[in-house]
Structures are given as structure tokens and as C-alpha cells.
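Q: Have a look at the structure that comes next, please.
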Amino acid sequence: MELLSALSLGELALSFSRVPLFPVFDLSYFIVSIIYLKYEPGAVELSRRHPVASWLCAMLHCFGSYILADLLLGEPIIDYFSNNSSVLLASAVWYLIFFCPLDLFYKCVCFLPVKLVFVAMKEVVRVRKIAVGIHHAHHHYHHGWFVMIATGWVKGSGVALLSNFEQLLRGVWKPETNEILHMSFPTKASLYGSILFTLQQTRWLPVSKASLIFIFTMFMVSCKVFLTATHSHSSPFDVLEGYACPVLFGTAWGGDHHHNNHGAPHGGGPGTQQCALSPKSKEELSEGSRKKKTKKAD
């Protein structure tokens, strides 16, 4: 707190935490989420043949975090769909991305400089959802640390934890893409962020909520914008996990995933070299898929 005061960030953080998310930030969240849906193989064909199924998948991408959080806390899972403004806005984005003539809207929002702005704004929403989710869980379970962490985690991870169910709506079954087995950077960051916000909520972390929201948002925005701009599939946590996990668990988190990212271990045999790469998350595959589509169009 003293450091933040010395840097005159206290008032800035407080003002930042009070910025309303609807409609601008929520619009960015919906755009990026549905862009990732369109990157999925067969998603465009599904929208033509089964538009209702495609719309349901889009709603899961936009509101999956709310559904999971309500499920954990024993509240009606359809409750958020009473927010007509958000549902109509998300539906309009879905229609424009999939059905706009000549794909003009899709091409505009996928233009990299524009997309980076939307990605940054999506991370603002993600961090705010984590903080709100933990605050909500704290009202139900004052001393339930694990409940608060789990609620914040699903609030931040969004549809990633519902990926297998969302795939079923598209007629696809890929159990090897389970997000819990192969966590992407946003999922891991949401988990770590949930722990920090839980410590703050229970007064074990001596920092204001507004300051924590501001600091963690800057971290998430910087990482995601850099990863998106460089088309990188790595994670800022890889180095730390590479040192900590062998000590704590006897192996790196994700096992082969980290070995594949940083090279095979010394002395590895043929079996080690033939280890399959872990499935990439929706967000990690997005840039590669976009490049392939662009090449085909050219």
C-alpha cells in the first residue's frame, strides 16, 4: 500500500475498479470469445446447417463462466440469461461474425491491431469477473477458502472448463482436450488470480481490492497482448513451474507439455521424442487457424 501511495496509483486503481463493463468491455469480451468459436473446425458449417446449435455454443462461450459459478453455488444456472441486454448484444455479435456479408465484420475485428485492443479489454472483464465471483462466494461461505477459489477460477476460465460440453453441442467428442488436464495460460492465470483475490478477501493479503484488480489486470493484459501479437503458445508461468513442480510434485506441471515446450530432456530415448504434444486450448489455436484460413483465401 505504501508503494502504491508513493507511485500515486491508489486513486487511479480505485477509479479503474469502478469503470463500468457494459457495454464497451462486455462487447469486446463477446467479440473475442465468438472469434475463438469461429476458429473451431466445422464451426462455420455448423452455423449454416444448425444455427440454433451454433448460437447455443456462442452463448456458452460468452456466459459459460456464469453458468458454472451458479452451478457451484447452487443458484439457477439460467439466471444470467434474464439479462436481456447482454444476451441480445452477444447474439448480435454472433450473427455479425458468422453471417455478415463478405465476412466484413469478422475481417475488421480480426485485423491484428484491432484484435489486440479487444483482447486487452477482454482481460479487464476476466479479472473483474474473478473478483466479483470471489466476493459473491464469500457472502455464502465466509470461511470457505476453497469454495471462493473454485468460484473465482470458473468465473475467470469461462468456457475453457466447459470445452467438452461445448464440443458435444457441435457434434464433436475430444476428451483429450480436457482443459483441466492441459491448462492454457488464461486458465492457470485465473486459478492463481483466484488464490490472490481469496487471500485479499479474507484479509491475509494486505492490499486493497481496487489495487489488486489494477495490478493483476495490467499483468493479464500485458501477457495476453504479447502472446497474441507474437502468436506464442508459451506461458509466463512455464519457467516458474519448471523449477517448482519437480520439487513439489516430482515432475513438471503438465508433464510432457513442458518438456515439449522447452525441449526433450537429456538422454531421452525414442519414446520420449515421440511423446504427443498436449492439445492446445481454444485461444492458443486461434492465431494458427486464422493464418491457415488466410493462406487458403489467398
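Q: In Å, what Kirkwood hydrodynamic radius results for segment 1-146 from the alpha-carbon pair distances?
A: Evaluated on segment 1-146, it is 17.2 Å.
Q: What whole-number value in cubic angstrom gives the convex hull volume per residue for the C-alpha atoms of segment 143-233?
A: 109 Å³
Q: Provide the per-residue ³J(HN,Hα) series for segment 46-52, in order, calculated from phi with Karplus coefficients 6.51, -1.76, 1.60 and θ = phi - 60°, each as a whole number of Hz, with x at glycine and proline positions.
A: So the Karplus estimates, Gly and Pro as x, are 4, 5, 7, 8, 9, x, 5 Hz.
Q: In whole Hz, what ³J(HN,Hα) sequence does segment 24-32 give by Karplus (6.51, -1.76, 1.60; θ = phi - 60°), x for Gly and Pro?
A: These are the phi-based 3J(HN,Hα) values: 5, 5, 5, 4, 4, 4, 5, 4, 5 Hz.
Q: Which whole-angstrom value gives the distance between the alpha carbon centres of segment 119-136 and segment 9-61?
A: Here the two parts' Cα centres lie 13 Å apart.
Q: What does the net charge come to around GLY152 if you take all other residues with beta carbon closer than 12 Å to its beta carbon, with K and R at +1 and D and E at -1?
A: Counting the neighbours of GLY152, the net charge comes to +4.
Q: Of LYS122/LYS188; LYS174/LYS224; LYS115/LYS209; LYS115/LYS224; LYS107/LYS174; LYS107/LYS188, which pairs sit farther than 21 Å apart, going by alpha carbon to alpha carbon?
A: LYS174/LYS224; LYS115/LYS209; LYS107/LYS174; LYS107/LYS188
All of the numbers you see were taken from the coordinates with simple rules; none came from a lab. As the structure is a computational prediction, the values presented were derived from the model and not from experiment. Note that we place each Cβ from the backbone using ideal geometry, even for glycine, and neighbour counts take in every protein chain shown.
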